[in-house]
Amino acid sequence: MIRTLRGWAIHVLQETGAIRECEEHGWMQDRADPHARERAFDIARQDPPADVSPHAAEAAVRDVLNSIGDTCPECRPDEEDRR
């Protein structure tokens with residue numbers, strides 16, 4: 001069960017393939033896939049959680065995307081290349 005709007009947004013972004021989790025360290029990473037991002041925004045607009053407006057759901061997805069980078073801060077650059 002997802003308890004927070006941020007948790008819901010992370011779930012949507014993972015399900016659409018817009019973000020992934022570093023298998024070794026657990027950090028979320030932006031995959032920079034514009035199609036996956038758009039699918040996540042479509043879900044936010046069309047199927048937000050109960051009692052959440054489409055605008056608030058879309059903002060939550062955007063906030064998560066803005067809060068993560070495209071690399072794991074704990075992985076060395078050569079480790080990232082092998083993933």
Exercise. Scan the stretch 1-19 for residues that are surrounded by 15 or more Cβ atoms within 10 Å (Cβ to Cβ) and not in a helix (DSSP H, G or I) and jot them down.
Key: A18, I19
Quiz item: Of the residues A60, A44, which is among the hydrophobic types (A, V, I, L, M, F, W, C), modelled with pLDDT of 90 or more and in contact with an Asp or Glu (Cβ under 6 Å, 6 or more places away or on another chain)?
Solution: A44
Quiz item: Does any residue of the stretch 37-53 turn out to be assigned to a helix (DSSP H, G or I) and within 19 Å of T71 (Cα to Cα)?
Solution: yes
Quiz prompt | Every residue from the stretch 20-29 that is exposed (fewer than 13 other Cβ atoms within 10 Å of the Cβ) and free of Cβ contacts under 8 Å to residues at least 12 places away in the same chain | solution = G26
Quiz item: Can you name the residue in the stretch 30-49 that is over 18 Å from R3 (Cα atoms) and among the acidic types (D, E) and, of all such residues, is surrounded by the most Cβ atoms within 10 Å (Cβ to Cβ)?
Solution: D30
Practice problem: Could you list, in sequence order, all residues of the stretch 54-80 that are part of a loop (DSSP other than H, G, I, E, B), farther than 15 Å from H11 by Cβ and open to solvent by 30 Å² or more (accessible area, probe 1.4 Å)? | Solution: G69, D70, T71, P73, E74, R76
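The values are calculated or read from the model by the stated rules, or taken from the named source; none is laboratory data. Here the structure is a predicted model, which is why all the values come from computation and not from measurement. Methodologically, a virtual Cβ is constructed for each residue, glycine included, from the backbone with ideal geometry; neighbour enumeration extends over all protein chains shown. These area figures cover heavy atoms from the full protein model, side chains too; ligands, DNA and RNA do not enter into them. Shrake-Rupley method; radii C 1.70, N 1.55, O 1.52, S 1.80 Å.
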